[in-house]
1. Restricting to strands (runs of 3 or more DSSP E) lying wholly in region 43-91: which have 2 or more residues that are out of contact with any Cys (no Cβ under 7 Å at 6 or more places or on another chain) and buried (at least 17 other Cβ atoms within 10 Å of the Cβ)?
2. Quick check on region 32-42: of everything there that is open to solvent by 50 Å² or more (accessible area, probe 1.4 Å) and modelled with pLDDT of 95 or more, which residue is nearest to M82 (Cα to Cα)?
3. Out of region 2-22, which residues are under 20 Å from I69 (Cβ atoms), of a type in the set (A, V, I, L, M) and open to solvent by 60 Å² or more (accessible area, probe 1.4 Å)?
4. Do you know which residues across region 1-42 are among the β-branched types (V, I, T), assigned to a strand (DSSP E or B) and closer than 22 Å to N73 by Cβ?
Amino acid sequence: QVQLVESGGDLVQPGGSLRLSCTVSGILFRVYDMGWYRQTPGKDRELVATISRGGTTNYADSVKGRCTISRENAKNTVYLQMNSLKPEDTAVYFCSPFTTPRYWGQGTQVTVSS
């Protein structure tokens, strides 16, 4: 059974930082590329960042320069460091491995507001 548990979301002021974590079980984590996504009500889920099994990273233009995705294979965990947060970063954040089928966790809420 594949499980993904996201954590680290919080209410932060604009300009603040958060580090999201996602721990995965039930798959051989180290062989899969991983992605962080976010979703707001009424909108499609948006791909925020990806990291390949080899450590190559890619970012959406909306977060480039402000976010860093990383992984720790020994802990089956992928991270998303988010800096200089903006109100438009407010969303539920999910991680997902690039498997077939796709698997999702419950997400973690990030709210950026003063």
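1. Working: elements: 46-51, 57-59, 67-72, 77-82.
Counting at least 2 such residues, we get 46-51, 67-72.
2. Once the filter is applied, the top-ranked residue is Q39.
3. Of everything in region 2-22, just one residue is under 20 Å from I69 (Cβ atoms), of a type in the set (A, V, I, L, M) and open to solvent by 60 Å² or more (accessible area, probe 1.4 Å), namely V5.
4. Scanning region 1-42 gives V5, T23, V24.
The values are calculated or read from the model by the stated rules, or taken from the named source; none is laboratory data. Since the model is a prediction, treat every value here as computed from it, not as a measurement. Note that we place each Cβ from the backbone using ideal geometry, even for glycine, and neighbour counts take in every protein chain shown. Keep in mind that these areas ignore ligands, DNA and RNA; they rest on the heavy atoms of the full protein, side chains included. Shrake-Rupley method; radii C 1.70, N 1.55, O 1.52, S 1.80 Å.
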